[in-house]
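Please treat every number below as a calculation from the coordinates, not as lab data. For clarity, every value in this text was computed on a predicted model and none was experimentally measured. Here Cβ is always computed from backbone atoms with ideal geometry, including for glycine, and neighbour counts include all displayed protein chains.
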Amino acid sequence: MVIDFHTHIFPPEVTARREDFFDLEPAFKLLYSVTGSRLSGVEELIWNMDKEGVDRSVVFGFPWHSQDYFRRNNDYIMDAVERYKDRLMGFCSFFPLAEGAEEELERCLKSGLSGIGELAFYTSTIADDTLKAFTPVAEIARRFDVPVLLHTNEPVGHYYPGKTKMTLKEMSDFLRYFPDNKIVLAHWGGGLFFYYLMKRDMKELLKHTWFDTAASPNLYNTDIYSVASTIVGPDRILFGSDFPLLSPGRYFKEMEEAGLSRNAIRKICGENAALLLAKLH
């Protein structure tokens, strides 16, 4: 079974008139005012899954600051999951420090969603006060035993919309502050997996952490798959396309080119995700 762990879908009012949502949401404007940026609804996602050979997808919206916006997007996610029970699993998303985040998370998880994410700090950093403020959300995630998917990015290299000033230390601080949460670091964790090679501390720190492949074809050459599999093992990697940014076929081609074994590809493309979410479905 092929499971895409990282896809975005939006309600029709957002896909049709995205500019109406720019004024109150600078992070949304930053990412989606760019020429060529794409927004998708659930029907387009299902069509693409069929075309690309994806059996199931994890779907979420955007980390909106506005309570009205994140409730509407999460409602759309819940409706999509209900309509396509055998194809979709939904995550609840909101700005991590938004007013009403805890109540929204409780509502979504009690309504059957399977995790939290993609959470992001596009216009801020992860400081000590940020971690303290996020603690109630992390505690709810632990109580329901669901994963938290966090946007990360590499702190070096070229700029692109949505690339934050997040440092590797901020990422490791986040993991250290919430050691008992299941954390998925998007976009290869900005390269944090490399430090699994250190003799002390990092192996323990990363024991409840997975890394998804979202946007990999735009960021890394194909060696990233074999290098990451060697360092942390293929069991800790989750295929995520970041649809509609990219389609799954590009990732499948790159995994083949990287020389991964069939067993490793099966784990990355679905078995790991199925195990992570098994108790929920």
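Okay, here's what the table says:
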| quantity | calculated |
| --- | --- |
| Efficiency of FRET between Tyr159 and Ser124 - r from beta-carbon atoms, R0 22 angstrom, step 0.05 | 0.80 |
| Violating pairs (Cα-Cα greater than 27 angstrom) within the set Lys51/Lys110; Lys110/Lys163; Lys85/Lys132; Lys110/Lys132 | Lys51/Lys110; Lys110/Lys163; Lys85/Lys132 |
| For the stretch 46-55, 3J(HN,Hα) per residue [Karplus equation, 6.51 cos²θ - 1.76 cosθ + 1.60, θ = phi - 60°, Hz, x = Gly/Pro] | 4, 4, 5, 4, 4, 5, 9, x, 9, 7 |
| At most 16 other Cβ within 10 Å, DSSP loop - chymotrypsin sites (Phe, Trp or Tyr not before Pro), the stretch 22-61 | Phe22 |
| Built amide H within the under 5 Å cut-off of Cys92, gap 5+ | Ser114, Gly115, Ile116, Gly117 |
| Efficiency of FRET between Ile231 and Ser33 - r from beta-carbon atoms, R0 35 angstrom, step 0.05 | 0.45 |
| Among Val184, Thr135, Thr164 - extreme Cα towards positive end, dipole of the chain, charges at beta-carbon | Val184 |
| Hits among aspartates and glutamates - C-alpha to C-alpha of Lys165 under 13 Å, sequence gap 8 or more where chains match | Glu154 |
| Note, ³J(HN,Hα) from phi for the stretch 255-272, Karplus 6.51, -1.76, 1.60, rounded to Hz, x at Gly and Pro | 4, 5, 5, 6, x, 5, 5, 4, 5, 5, 5, 4, 5, 5, 7, x, 5, 5 |
| Two-decimal log10 I(q)/I(0) for the stretch 112-189, as the Debye equation yields it once each C-alpha is a single scatterer, q = 0.12, 0.13 Å⁻¹ | -0.33, -0.38 |
| Hydrodynamic radius (Kirkwood) for the stretch 179-281, which is based on Cα pairs only, to one decimal in Å | 13.9 Å |
| Kirkwood hydrodynamic radius (C-alpha pairs) into Stokes-Einstein, the stretch 54-185, 20 °C and 1.002 mPa s, D in µm²/s | 141 µm²/s |
| Orphan Cys of the chain, criterion: no other Cys C-beta under 4.7 Å | Cys269 |
| Relative contact order (%) - criterion: Cα under 8 Å, at least six apart; region: the stretch 208-280 | 39 percent |
| Percentage relative contact order, the chain, counting C-alpha pairs under 8 Å, at least six apart | 19 percent |
| Radius of gyration, Dmax [the stretch 1-126; alpha carbons; angstrom] | 14.1, 41 |
| Environment charge at Trp64 (Cβ cut-off 11 Å; Lys +1, Arg +1, Asp -1, Glu -1) | -1 |
| Scaled radius of gyration (Cα, divided by 2.2 N^0.38 Å) that the chain gives | 0.93 |
| Built amide H within the under 5 Å cut-off of His6, gap 5+ | Val58, Ser241, Asp242 |
